[in-house]
Amino acid sequence: MHDFLKSAKFKVLLCFLAFIVGILIYSVTKGGYSLSGVSLFNTVSKPFRTASNKIGIVMEESLDKFFNSDEYYEENKRLKEEIGELNRQLTEYESLKAEVEELRELVSIKQEHEDFEYTEKCDVIGYVTNDPFMSFTIDKGSAEGVKPDCPVVTAEGLVGIIVEVSDHMSTVRTILSPDLSVAAVNSRSNKDMGIVEGDIPSAEKGQSRLIHINKDNKFKKGDLVITSGTSGLFPKDYSIGKILSISPDSNGISDCAVIEPCADISRLSSVYVITDFTGKRAEEEDEN
Amino acid sequence: MKIRTPREKRILYIKNILRWIITYAVIFICFLIMTSGTWLKPVLLVPAAVAVALANGQLSSAFTGAVCGYLIDIAGDKVIGTNAVILTVFSVVISLLYEYYLRNKFVNYMIITAVVSYVVLWLDYKFYYEMWEYEYVERIFAQTSMKVWAYTIVSAVVIYFIFELINHYLMPKNHVTIEEAVSTAVQTGRH
């Protein structure tokens, strides 16, 4: 061992380690853009990762069926009973449903926000390994006009924000993460405001939180929460989620609500990135 | 050491190249598995780096450790280099331990893998979650890090046998059998 410490091999290893530490320090300074080596690796590995992810999803579903068959059997029996009950209500709901569909189409985000500039449809390549907040990678990057801090959405609602961009891949931080705060407002009253910000217990259930709500708010269960657009990071009036419950916050001076995101973040297959919209904060301001 | 004919040397050289190609193919497959699906997954690249380090020299172990670390960083969206530094250091230490103190036993491999993967996951938890003081942050350690650690240890068994298989068939052997020693003595004229 003593000989090893005096050998040329040891010096080479120290140089190699210094080189890796140098790369580590350099990567910290890149501010949202991947290192060119990583970007190249991501481009090369993209088809393999896409294919293996598809295989992985199929295997997970098969294993899920295998391991939880008893649970599904019980659930199936219960659901059959529920179907009988629901069928009776179905007729009544049919007319209501048609009306809702009509309204949904009417307020379709694209019609209402003609100022939005979207990328093409972005396929989800895979979720970030073991991330409790369900960050994921998409198959569009800087070459397709994606930049850090661009909002990521589905037709159902806001999903998150771009945090790291390679040439042909980007990483998305979701609204389940405590590191992402979105100014939000009640779509019904347009007065009750709050901040959508994830936390660990909510993220475990695929939910997020609306915090810093005034005590005298008019929020009710089922209310739709939409973006307020005040930060300039997100477009105004985009759906985020529905209120599940509301309770006093631990600080005692405000209320806090649990919200269910409109988009099912744990099962995304494709999303859209909004590259530009009216009221977007200028990049120069960002840098300042 | 056995004296080898040019043909034997050529075969050995090809075997060695093949061994590294297969090793890196296995490492890439581990990376693909880690980036697939939505479930929690073992950090397969840690047992892979340990398996390479226990059978190779310090330089090749360090390089492979760095590659595995970079792939973990890419898969987990971490700052590029964090795990590369950790695994490089561990790979060199493991390689030295096996060269001077330890024998290539399954139990040794499992203990080392358990320790290294725990350190990797603990540092990940400390720097990416606990340091930022999220509410209920300890749940991430209990429900994510510890589960991933358990999965990693279980999956290390498979990784160990894959690398043992690769080494068994493709690793150059330094020892000689009695027959080979006699044959070498005959070739060199030492009776």
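We did not get these values from a lab; they are worked out from the coordinates using the rules stated. None of the values given here were measured: they were computed from a predicted structure. In this analysis, Cβ positions are derived from the backbone assuming ideal geometry, glycine residues included, and neighbour counts consider all displayed protein chains.
Shielding value for B:67-76 is 4, the average number of Cβ atoms from other chains within 10 Å of each residue's Cβ. Estimated from helical segments only, the mean residue ellipticity of chain B at 222 nm is -24000 deg cm²/dmol, where each DSSP H run of four or more residues counts as -39500 (n - 2.57). Here, the stretch B:1-100 has an Rg and a Dmax of 15.7, 53 Å when only alpha carbons are counted. Only the Cβ atoms of Lys and Arg (+1) and of Asp and Glu (-1) were treated as charged; on that basis the dipole of the stretch A:187-288 about its Cα centre amounts to roughly 640 debye. Backbone geometry of the stretch A:73-84 corresponds, through the Karplus equation with coefficients 6.51, -1.76 and 1.60 at θ = phi - 60°, to 3J(HN,Hα) couplings of 4, 4, 5, 4, 4, 5, 5, 4, 5, 5, 4, x Hz, x marking Gly and Pro. Size of chain B from its Cα atoms: along the principal axes, largest to smallest, the extents are 77, 30, 25 Å. With point charges of +1 on the Cβ of Lys and Arg and -1 on the Cβ of Asp and Glu, referenced to the Cα centre of the protein assembly as shown, which listed residue (A:Ser266, A:Met59, B:Ile22) lies farthest in the positive direction of the dipole? Of the listed residues, the answer is B:Ile22.
The fewest-to-most ranking of B:His168, A:His2, A:His212 by surrounding Cβ atoms within 10 Å reads A:His2, B:His168, A:His212. Judged by the gyration tensor of its Cα atoms, with axes a ≥ b ≥ c, the stretch A:1-94 is prolate; a/c meets the 1.5 cut and a/b is the larger of a/b and b/c. So for the stretch B:1-105, taking the charge dipole from beta-carbon charges (+1 Lys/Arg, -1 Asp/Glu), which of B:Val50, B:Gly81, B:Leu32 sits furthest toward the positive end? Positive-most Cα among the choices belongs to B:Val50. Every Cα-Cα pair in the protein assembly as shown was counted, and those over 38 Å apart are 37% of them. Placing +1 on the Cβ of every Lys and Arg and -1 on the Cβ of every Asp and Glu, with nothing else charged, gives the stretch B:29-153 a dipole about its Cα centre of roughly 420 debye.
As a proxy for reagent exposure, A:Asp249, A:Asp276, A:Asp3, B:Asp77 were ordered by neighbouring Cβ count within 10 angstrom, fewest first; the result is A:Asp3, A:Asp276, A:Asp249, B:Asp77.
Which value in deg cm²/dmol, rounded to the nearest 500, describes the helix-derived mean residue ellipticity at 222 nm for chain A, given -39,500 (n - 2.57) per DSSP H run of n ≥ 4 and division by the residue count? Mind showing how you got there, number by number?
Working: 7 runs with 110 residues, N = 288.
Theoretical 222 nm ellipticity from helices: -12500 deg cm²/dmol.
The angle between the Cα long axis of helix B:6-34 and the longest principal axis of the Cα atoms of chain B comes to about 10 degrees, rounded to the nearest 10.
State whether the stretch B:52-95 is rounded, prolate or oblate according to the following rule on the C-alpha gyration tensor (a ≥ b ≥ c being the square roots of its eigenvalues): a/c under 1.5 gives rounded; otherwise a/b larger than b/c gives prolate, and the remaining case gives oblate. Don't skip to the end; give the middle numbers.
Working: a/c = 3.03, a/b = 2.40, b/c = 1.26.
Prolate shape, in that a/c is at least 1.5 and a/b is the bigger ratio.
Residues A:Ser187, A:Ser239, arranged from fewest to most other Cβ atoms within 10 angstrom of their Cβ, appear as A:Ser187, A:Ser239.
Charge dipole (Cα centre; +1 on Lys/Arg Cβ, -1 on Asp/Glu Cβ; no other charges) of chain A amounts to roughly 900 debye.
So, in Å, what gap is there between the alpha-carbon centers of the stretch A:198-218 and the stretch A:150-166? Taking the Cα centre of each part, the stretch A:198-218 and the stretch A:150-166 sit 20 Å apart.
Peptide A:122-134 is shielded by partner chain Cβ atoms: per residue, an average of 6 of them sit within 10 Å of its Cβ. For the stretch B:13-80 and the stretch A:1-79, compute the distance between their C-alpha centroids and round to whole Å. Centre-to-centre (Cα) distance: 9 Å.
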